[in-house]
Amino acid sequence: MTIIIVVGAQWGDEGKGRVVDLLSEEVEVVARYNGGDNAGHTVTLNDQTFKLHLIPSGIIHPHTLAMLGNGVVINPLALLSEMQTLRSAGLVINEQRLRLSYAAHLITPAHRALDAAQEAARGNCSIGTTGRGIGPAYTDRAARQGLRLGDILKNDFEQRLQQHLQAANHTLQALYGAAHLDIHQAMADYLPAALALRPYIGDVGQELHNLLRSGKRLLIEGAQGCLLDLDLGSYPYVTSSCTTAAGALAGLGLGLQPAERVIGVTKAFQTRVGAGPFPTEVFGAEAERLRGSGANPWDEFGTTTGRARRVGWLDGVLLRYAVRINGLTELILTKLDILSGLETVRIATSYVENLTARHETLPLGPSNLSNVAPIYEEVPGWSEPLGALRHWQDLPQAAQHFIRRIETIAGCPVRQVSVGPERSQIIDVPNANEA
Ligand code: IMP
């Protein structure tokens, strides 16, 4: 029985897709436990690049079985379109390979309309959501008025969907003064899509339990990053689900059991999309240097929304926090190559609050960061491009030193670093005592 969990150690977009892609070769089952089509995972298969939002990215390996757990919120239109994209690329996507939890909640057109209306109502305090209806779908779940995938199997689903859309129309108009939904059109588009999912719906928790007991290996893919966790992230600038590793089992309907590896993926710098605190953020030319111009698919522009990401130096205080709240056993560091050519590279090691109090840890979590300034350690940079390197000993000494400093500052070993977007552009990092 093997469970490996991969989570984002920052605000999402750390490059989890490529890590999952590599690990999927070693497992039979891949699963998602949180979020919905707000996620964006870029994966490559035979020169084809896919931007997956909802289906676990491990599905591109034909031997895997993919599961969406009860902690996920599913828009059938988004899911069917992704299934179609994968089929067009020659992959077999059927009810034997893709399983959906009966307890996962549905995202409807009403949730998307409410997401937009709520963001507009927040004005200057908007969260910068992806607009995919994530928050309103989880709100309905917590209010115990949501529609679940299991409801699609029932005879009164059409009627309940209609009632849900009507109630949302009332809220949209009465509370937000927003345009109402065309219910007739929404029903015509959405109902057939939801019904098409019927064969895929089952008890994912039970199925996973059976698979694990029969010796199958499970790779659990987190979506977003732990700093966007509803409770432990930079609240209220967070998503609406549990993004930490501890939520993985609950979001799949599995009982408490050990995970062999809990891998946190972090970039060698820091990015975030949407609003909210970002102590190590940089602007202007410095930001453009880290972000890229947008000419390359791996430049820092959102996979789901295309928005330019905010960028900054690696925040070691937040990384330490990520190690603690996820119980990370290891880190994988992505985009090290982007730092080549910089004279010096910075890592925040602590914060100073209101110009006086110094903090090595976060006194009240990552939501209260507006008055803190990072204290940086500045390490020497390196000029060599790293893209062609495959071995630790070939990395410039300054790059090796930077990685070792991250391990010490975060309190967690770095197991691999990526030096480019291709599958092969990855370097194993030896244990610090053995190097
Ligand atoms: P929501 O998840 O669409 O409600 O958006 C809430 C916040 O999470 C916003 O700041 C989004 O930009 C951010 N967010 C949601 N999904 C992702 C992701 O996959 N990567 C990075 N940020 C995300």
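The table below lists the values:
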item	result
Residue in the range 18-29 that is small (G, A, S) and within 12 Å of the ligand (Cβ to nearest atom) present	no
Residue ranges of helices (runs of 4 or more DSSP H) in the range 6-123 with at least 1 members closer than 22 Å to M187 by Cα	76-88, 109-122
Some residue of the range 289-310 being open to solvent by 10 Å² or more (accessible area, probe 1.4 Å), modelled with pLDDT of 95 or more, within 14 Å of L227 (Cβ to Cβ) and in contact with a Leu (Cβ under 6 Å, 6 or more places away or on another chain)	no
Scan of the range 31-45 for residues that are surrounded by 24 or more Cβ atoms within 10 Å (Cβ to Cβ) and of a type outside the set (S, T, Y), ordered by number	A31, R32, N34, G35, G36, D37, N38, A39, H41
Exclusive hit being farther than 21 Å from V6 by Cβ, away from the ligand (no atom under 16 Å from the Cβ), of a type in the set (D, E) and free of Cβ contacts under 8 Å to residues at least 24 places away in the same chain, set E360, E343, E286	E286
Enumeration of residues in the range 125-148 that are open to solvent by 20 Å² or more (accessible area, probe 1.4 Å), within 10 Å of the ligand (Cβ to nearest atom) and hydroxyl-bearing (S, T, Y)	S126, T129, T130
Conditions (1) more than 16 Å from the ligand (Cβ to nearest atom); (2) closer than 24 Å to G12 by Cα; (3) hydroxyl-bearing (S, T, Y): number failed by Y235	(1)
Any hit, the range 368-377, residues being open to solvent by 80 Å² or more (accessible area, probe 1.4 Å), at pLDDT below 95, hydroxyl-bearing (S, T, Y) and out of contact with any Pro (no Cβ under 9 Å at 6 or more places or on another chain)	no
Filter result for the condition that a residue is touching a strand residue (DSSP E or B) at 6+ places or on another chain (Cβ under 8 Å), within 16 Å of the ligand (Cβ to nearest atom) and touching a residue at least 12 places away in the same chain (Cβ under 8 Å), over V262, V273, V317	V273
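The values are calculated or read from the model by the stated rules, or taken from the named source; none is laboratory data. Every value quoted in this text rests on a predicted model; they were computed, and no experiment measured them. So basically every Cβ, Gly included, is an ideal-geometry build from the backbone, and we count neighbours across all protein chains shown. In case anyone asks, the SASA skips ligands and DNA or RNA and just uses the protein heavy atoms, side chains included. Shrake-Rupley method; radii C 1.70, N 1.55, O 1.52, S 1.80 Å.
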